[in-house]
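Student: Here it is, the structure, as structure tokens.
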Amino acid sequence: MDFLELLKFAPLILGFAFIAFLLFRKDPFSSFNLGKLITYFIGVLITFFVVGWLVDSFVFAWANDRLQNADTSAEFQEFKDRSERIIDNSFNDEAGNVVVQPQATTVRVEVVVTATPQPGTTDSVARPEGGPTQYTVVAGDTLFGIAQKFNTTVNDIMVVNGLTSHTIMPGQVLNIPAPSN
């Protein structure tokens, strides 16, 4: 059985539940008239069924007819044409020229990391695992990733740079300590 079919009986079930509540409450029966209550309940049920039948018979059929006739309706076509003109005019200036909307551009910045040469070495670039160096943070970097790259710890990088949080920003230059053992 379909659940929606059961919903048709919801007013009936709620009504019986309300009657049961009134019958078993602690107040004496003299405070309400059971005949009036049942008559009122039957009136409510009839009203629900009549309104439901009217909606099922007329409202849905009317809405369906309107939707089917919308494409052939002259008023609907005029509405569509006017809407399209308004949208087209919003992208053109008064002279009829198409207004080009500015496009967002992406700028890619590449940062080359070079190590600071060790005093007394003849190499122009010291190897990162050879000692302290500087590193410029790029987008997407994390302290953990930088620490792994240079074979050190996050804590060592934070201590050397005086950082109090793990937040780093692109373009920030970090001093990288010598590799951890």
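No lab work stands behind these numbers, since they all come straight from the coordinates. Since the structure is predicted, the reported quantities are computational estimates derived from the model, not experimental observations. So basically every Cβ, Gly included, is an ideal-geometry build from the backbone, and we count neighbours across all protein chains shown.
Student: Quote the FRET efficiency, to the nearest 0.05, computed for residue 161 versus residue 77 with a Förster distance R0 of 45 Å and r equal to the Cβ-Cβ distance.
Tutor: Efficiency for this residue pair is about 0.10.
Student: Here's a follow-up. So for the pair residue 91, residue 178, with labels modelled 7 Å out along Cα→Cβ, what separation do we get in nm?
Tutor: 6.4
Student: With the calculation restricted to Cα positions, what are the radius of gyration and Dmax of region 3-90 in angstrom?
Tutor: Answer for region 3-90, Rg first and Dmax second: 24.5, 75 Å.
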